[in-house]
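Bear in mind that the values in this text are calculations on the coordinates, not laboratory data. Please read all numbers here as calculations on a predicted model, not as lab measurements. All Cβ positions, glycine included, derive from the backbone under ideal geometry; neighbour counts span all protein chains shown.
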Amino acid sequence: MANMVKSFRVSDLQTLLASMGRSKSGLKQDLVGRALRLVQTEYSPELLKNVRQLYESRFPKTSGWLAARRPEGVPVAYSPISSSPTASQGTDYLNGISKPLTAPAVEVNMVPLSFYQTLETLLPPTELIPQNNDKLQDSQCIFELTPNQADQIRNASELRPGIRSIQVVLRICYSDSIGVEEDQYPPNIAVKVNQSYCHVPGYYPSNKPGVEPRRPCRPINITPWLHLSSVTNRVTITWGNFGKRYSLAVYLVRAFTAADLFNQLKLCSVESAERCRERIQDKLRFDPESEIATTGLRVSLICPLVKMRLGVPCRVLTCAHLQCFDAVFFLQMNEKKPTWTCPVCDKPAPFELLTIDGLCSEILKLTGEDIEEIEYLTDGSWRPIRDEKEKERERERSKTPEYSVVDICSPEANGHSPAHSSTSLTGRPGSSSSGMAGVTGAPAAGGVVVDLTLDSSSEEEGGGAGGDSEDTEDSADSPAPKRGRYNYDKDLVTAY
């Protein structure tokens, strides 16, 4: 069985892992290793059956039904989707699909989508079969709308300008017979409806270096290009033939918006506060076999998606954590790029398993914007974490030494009188008559008063600390003192 698994393609490995409830994401080497471990650890009849079915579809005993595997020159026995409706004579057409002569029993089941409700199947899943060895293939299908279906589309309300709530959509997926298939476009896809090309979703740009951009594979809305009458509609699909098998289907659906799903969620899936408390008590119940006793669980009131305070707290029923995320933002993000993955634990989070947390909703109403975290206790009650954060801030403040701020511009800060009242050479009131030109006597505080506004030439003329005293004695008769280089009076400051 291990050799069978090693011969599988990526699509076969994904189908096998999905059928056994395993993750099907990753590179081929990761998928092979995961499948081999599955074979070694879980050998069951169901697994054996799935592996054999995939292996027989990969290497059939009689390849007469597989047109893509036929050698050149061998005629094709049938064409599920014909590239030309008149190419094969004697075939029986149903909605543009030729009746296969020896068609394989392949039933493709497409995964249901939360934003679409299937009303009618206009064309069941049918395989795209290449007609030659060219890399680009053109396949056609035709169908007609009944008067009732056309009226439904005409009378439908508008979701957005130009987009109706009732649509005809084209879906393409891998042709695998096990499990359900997600939408998957073939390479180089182009869709033409009644000779007009319709819009196909493009690629998402990638910000990471070395990572290829990804294309969102979702249903293609072909409604604007259809004939809403009894006229036959013709759809032509151009696709790349690189060895993989694809199937297409056409459905009449009702499309929903994120607001519609949110209204459904509020009406149908709200978990009461009492049930939430019981869930908390069960999670925190003492286990005698466990060596660690849990007395509380901290839960953030900030949404992990947008890093903002929760508006409508939402959880997944199958997730083990109590952390919630915002339901509105979650639905809006999946409307733009459907992933349906829990933002807390990265597990699948389909819309059917979402529920609104009633207890967390009450907590958000009772707490202020400043509380960002709470703790659930063993009895189902809760308490805010704000007090502990404030205590931590106070501890940090107490560890930081406090220094008094001294205004050095204030003369009283160092115990001395203002500079303009100190000894100077200006002869103003309050100046000492025995002051010298350079350095005066010590003030009351024991410091040395130095005139820092004197330039070097003035100091040389004054003779430093031992200057002539005659200039100071007859200061009344002497002319005004010489100013420095700046246009203000010389003041004295204290130097230590």
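Shown is the FRET efficiency for GLN140 and ARG215, computed with R0 = 25 Å from the Cβ-Cβ distance and rounded to the nearest 0.05: 0.60.
Please give the net charge around THR257, taking every other residue with its beta carbon less than 13 angstrom from that of THR257, where Lys and Arg add +1 and Asp and Glu add -1.
That works out to +1.
Cross-linked pairs LYS135/LYS192; LYS6/LYS244; LYS307/LYS347; LYS24/LYS337; LYS337/LYS365; LYS49/LYS337: Cα-Cα separations exceed 25 Å for LYS337/LYS365; LYS49/LYS337. A cut-off under 12 angstrom between Cβ atoms defines the neighbours of LYS337, and their net charge, with Lys, Arg +1 and Asp, Glu -1, is +3. Label separation (ARG386 vs ASP282): 3.3 nm, computed from points 7 Å beyond Cα along the C-beta direction. Residues whose amide H lies under 5 Å from that of GLU373, counting only those 5 or more places away or on a different chain, are LEU301, ILE385; hydrogens are built 1.01 Å from N in the peptide plane. Taking label points 7 Å from Cα along the Cα-to-Cβ direction, HIS199 and THR41 give a separation of 4.5 nm. One decimal place: the segment ARG393-ARG254 gains 44.6 nm when fully extended, by the rule 0.36 nm per residue minus the C-alpha distance. Count Lys and Arg as plus one, Asp and Glu as minus one, and take only other residues whose Cβ is under 14 Å from that of PRO125; the net charge is then -4.
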